[in-house]
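Visitor: Questions regarding the structure given below will be posed in turn.
The values are calculated or read from the model by the stated rules, or taken from the named source; none is laboratory data. For clarity, every value in this text was computed on a predicted model and none was experimentally measured. Note: ideal-geometry Cβ built from the backbone for every residue, glycine included; neighbour counts use all protein chains shown.
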Amino acid sequence: MTLKKTRIEVNNAVFSLPYHVAGEEGYFAEEGYDVDLVPAGSGRDRDKEVPIKPIEDHRLVKSYGWHEGIEKGEFCMYRACEWGQIRRTQDSAKNVRVISKRAAVATQAIVVRADSPYNVPQDLCGKTVAVNFHAGSHYITLAMLGGSAINKNEVRAVHVGGPKQRLRFLDEGKVEAAAVMEPWITVAAKKGLKIICEAFYEGAEVATPDVDPEMYAAITRAVTKAVKKINQDIRPYLKYMIREVPADVMTLTEADFYLPRFRYVAPRPYTREEYEHLHDWMTSWDLLKPESSYDRIIGAKLAAAV
């Protein structure tokens, strides 16, 4: 059987783990597809793209971030935090659509230095929190700290870049806190940093118009098989996260991770009610245009075909 070829982006392993597992276990091939997993930001060096000082205005940072490849035709599908995916779909020039919730239910933790006087979310009102603008760390920081602030301007998410770079800025005293996901939460814990708060959040899959229902259904079946495999025992696949931490930062082992942090579920469609809630929240923070409606952003027909 000749496999159909396609290219799909993978970003941080915690978000794309089912895709790595589907490839390793042969689930894509079982569905008739030869899937080339394209790393996000291929050829780019995050250490060279860090600003000299944190950026405070999200309008100065492009929403695509490390996912600009879909605009260049480098791949046909990718996943990231749902808020960021909605924003990037709004800004897309390629008529992409959000097609479903992703399989990874991720968590981000806001951490501070061990000697920091801060202990609860309220302590971070007006304090700088390093994030990656228009990504999960940005939006979940607004969600976690927004309830502790009297005014929105008391939540000071500032753009630094990737999780490694955020922790470096924290260590250097350039920011007062940092939001990170796994495996960097585990890195932070091993470094003795304090976790101030932590929250789980969903993500979304985005596809180009050339992804047809047959392909999407096949990819979703493979990912769902991978989710079941991960939920049976994630430990054999923690290697994908461990290898993301450079040796000069820290060496992690399987035993270092708190496994209940990892949650994977079968992808599912967005409902109109869910989207409208997210739309109203994002527009309240001036992160989305009011006219970016459900029918403009969500490709409901493709997801419904599964």
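Visitor: Any residue at all in the range 28-37 that's of a type in the set (A, V, I, L, M, F, W, C) and either modelled with pLDDT under 95 or farther than 22 Å from Ala222 by Cα (or both)?
Guide: no
Visitor: Also: Condition test on Ser63, is it hydroxyl-bearing (Ser, Thr, Tyr) and surrounded by fewer than 19 Cβ atoms within 10 Å (Cβ to Cβ)?
Guide: no
Visitor: Which one of the conditions (1) exposed (fewer than 15 other Cβ atoms within 10 Å of the Cβ); (2) touching a strand residue (DSSP E or B) at 6+ places or on another chain (Cβ under 9 Å); (3) at pLDDT below 95 does Gly69 fail to meet, given that it meets all the rest?
Guide: Going through the list (1) exposed (fewer than 15 other Cβ atoms within 10 Å of the Cβ); (2) touching a strand residue (DSSP E or B) at 6+ places or on another chain (Cβ under 9 Å); (3) at pLDDT below 95, Gly69 breaks only (1).
Visitor: Could you run through the range 83-94 and say how many residues are surrounded by 19 or more Cβ atoms within 10 Å (Cβ to Cβ) and either free of Cβ contacts under 8 Å to residues at least 24 places away in the same chain or among the hydroxyl-bearing types (Ser, Thr, Tyr) (or both)?
Guide: Of the residues in the range 83-94, 1 are surrounded by 19 or more Cβ atoms within 10 Å (Cβ to Cβ) and either free of Cβ contacts under 8 Å to residues at least 24 places away in the same chain or among the hydroxyl-bearing types (Ser, Thr, Tyr) (or both).
Visitor: Based on what the data block shows, is Ser116 under 20 Å from Ala189 (Cα atoms), of a type in the set (Ser, Thr, Tyr) and crowded, with 18+ Cβ neighbours inside 10 Å?
Guide: no
Visitor: Let me ask something else. Looking at (1) buried (at least 16 other Cβ atoms within 10 Å of the Cβ); (2) more than 30 Å from Lys94 (Cβ to Cβ), can you tell me which one Ala218 breaks?
Guide: (2)
Visitor: Mind listing whichever residues of the range 149-160 are surrounded by fewer than 16 Cβ atoms within 10 Å (Cβ to Cβ) and either on the phi > 0 side of the Ramachandran plot or outside any helix (DSSP H, G or I) (or both)?
Guide: Ile150, Asn151
Visitor: If you go through the range 95-140, how many residues are touching a residue at least 60 places away in the same chain (Cβ under 8 Å) and either among the basic types (Lys, Arg) or part of a loop (DSSP other than H, G, I, E, B) (or both)?
Guide: Result for the range 95-140: 16.
Visitor: I need a count of the residues in the range 242-267 that are under 17 Å from the mean Cα position of the chain (by Cα) and of a type outside the set (A, V, I, L, M).
Guide: 6
Visitor: Which members of the range 117-171 meet the condition of being closer than 23 Å to Ile86 by Cα and hydroxyl-bearing (Ser, Thr, Tyr)?
Guide: Across the range 117-171, the qualifying residues are Ser137, Tyr139, Thr141.
Visitor: Which residues, taken from the range 28-54, are among the charged types (D, E, K, R) and not in a loop (DSSP other than H, G, I, E, B)?
Guide: Glu30, Asp34, Asp36, Arg46, Asp47, Lys48
Visitor: Pairs, please: C-beta under 7 Å, at least 6 apart or cross-chain, first residue of a type in the set (Gly, Ala, Ser) and in the range 25-36, second surrounded by 19 or more Cβ atoms within 10 Å (Cβ to Cβ)?
Guide: Within 7 Å, the pairs are Gly32/Ala218.
Visitor: Now a separate question. Test Phe133 against the stated conditions and say whether it is surrounded by 24 or more Cβ atoms within 10 Å (Cβ to Cβ) and aromatic (Phe, Trp, Tyr).
Guide: yes
Visitor: Looking at Ala80, Ala13, Ala40, can you tell me which residue is without any contact (Cβ under 8 Å) to a residue 60 or more places away in the chain, under 19 Å from the mean Cα position of the chain (by Cα) and within 22 Å of Val206 (Cα to Cα)?
Guide: After ruling out the rest, the residue left standing is Ala40.
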